[in-house]
Every structure is written in C-alpha cells, then in structure tokens.
1. For the structure I just gave you, tell me whether Gly85 is modelled with pLDDT under 90 and either part of a helix (DSSP H, G or I) or not assigned by TED's automatic domain parsing to the domain that holds Leu18 (or both).
2. Run down Phe112, Phe35 and say which single residue is assigned by TED's automatic domain parsing to the domain that holds Leu16, closer than 22 Å to Leu18 by Cα and either out of contact with any strand residue (DSSP E or B) (no Cβ under 9 Å at 6 or more places or on another chain) or loosely packed, with under 13 Cβ neighbours inside 10 Å (or both).
3. Quick check on Thr82: is it free of Cβ contacts under 8 Å to residues at least 40 places away in the same chain, within 19 Å of Phe112 (Cα to Cα) and hydroxyl-bearing (Ser, Thr, Tyr)?
4. Given the residues Ile23, Ile56, Ile32, Ile77, which is the only one that is farther than 21 Å from Phe114 by Cα and free of Cβ contacts under 8 Å to residues at least 40 places away in the same chain?
5. Checking Ile48 against (1) closer than 21 Å to Leu78 by Cα; (2) of a type in the set (A, V, I, L, M, F, W, C); (3) at pLDDT below 85: exactly one of these is not met. Which one?
6. List the helices (runs of 4 or more DSSP H) that sit entirely inside region 10-79 and contain at least 2 residues that are under 12 Å from the mean Cα position of the chain (by Cα) and closer than 23 Å to Leu92 by Cα.
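The values are calculated or read from the model by the stated rules, or taken from the named source; none is laboratory data. The structure presented is a predicted model; accordingly, all values stated were derived computationally and were not measured. Cβ coordinates were reconstructed from backbone atoms using ideal geometry, including for glycine residues, and neighbour counts include every protein chain displayed.
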Amino acid sequence: MLQYIIEAISGLVTGLFLGATGIPATGIALFILDFFKVSDYKTILGAILFLNLFPISAGSVWEFYKAGKIDLSMGWILVISTMIGSYISSKLVVNDKHKLSNKNIKYITAYFSFFTGILFLGSAYYDKT
C-alpha cells in the first residue's frame with residue numbers, strides 16, 4: 001500500500017512541475033521511486049518511460065492552445081525526433097551488447113540535470129523581461 005502512495009505522490013509532484021514549467025519532471029519521480037526502492041532501477045525507468053507514452057500534459061496543452069501559444073509544426077518535429085532519439089538510447093540501456101549499468105545511467109542523468117540547471121540559471125539571470 002505504501003508503494004502506491006509513494007507512486008501517486010511522485011506522479012502528482014511530476015504533474016505539478018510539468019504544468020508550471022513545461023519541463024517533464026519525470027526525473028523527480030524517478031529519484032523518489034528509486035530512493036524508496038519501489039522496484040529495481042531499470043524497472044522504475046521503464047515505468048517512467050511508460051508514463052511519457054501518454055499525453056500527460058493534455059490539460060496544460062489545452063490551456064496553451066486556447067492562449068494561442070502552440071506552434072504545431074515545431075511540436076510535431078519535436079515529437080518525431082524525440083521518439084527516434086528515445087528509441088536509439090533505449091537500445092543502449094536494455095540491449096545486452098551495449099548494456100549500461102544503473103550507476104552509469106544515474107551519472108548520465110545527474111550530469112545532464114546539473115548542466116541543464118546551470119544553463120537555465122544563466123538564462124534566468126540574463127533575461128530582461
């Protein structure tokens with residue numbers, strides 16, 4: 001039962017962050033689920049990818065659409081290219097020939113998050129609006 005509560009809270013936090021920033025906070029859910037050892041890391045990663053399969057931002061998309069703040073051609077290019085990139089990288093994670101360890105996956109996630117955070121911090125600092 002506790003596992004389901006942890007999963008629900010992780011999803012709620014992820015959704016709140018997604019709607020407010022446009023950045024899927026699945027990393028937060030991934031961290032929470034791994035921290036509480038809900039399952040093994042790659043199974044948690046698979047569940048997070050399953051989460052991304054669904055239109056989890058439909059409510060936010062509707063609000064941005066009503067405000068005229070969606071470029072559909074840009075959106076479709078991003079969807080298609082992200083699907084291709086996701087497929088390629090997943091082959092590296094689960095393929096026996098190129099298997100990445102949980103530790104290496106966590107390092108990749110940490111470095112990416114760190115440098116992305118630095119970029120957003122700099123962007124916010126120099127934003128004149």
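1. Numbers: modelled with pLDDT under 90: yes; either part of a helix (DSSP H, G or I) or not assigned by TED's automatic domain parsing to the domain that holds Leu18 (or both): yes.
It is true that Gly85 is modelled with pLDDT under 90 and either part of a helix (DSSP H, G or I) or not assigned by TED's automatic domain parsing to the domain that holds Leu18 (or both).
2. Details: Phe112 fails: assigned by TED's automatic domain parsing to the domain that holds Leu16.
Checking each option against the conditions leaves just Phe35.
3. On the way: free of Cβ contacts under 8 Å to residues at least 40 places away in the same chain: yes; within 19 Å of Phe112 (Cα to Cα): yes; hydroxyl-bearing (Ser, Thr, Tyr): yes.
Answer is yes for this residue.
4. After ruling out the rest, the residue left standing is Ile77.
5. (3)
6. The helices (runs of 4 or more DSSP H) meeting that bar are 26-35, 41-53.
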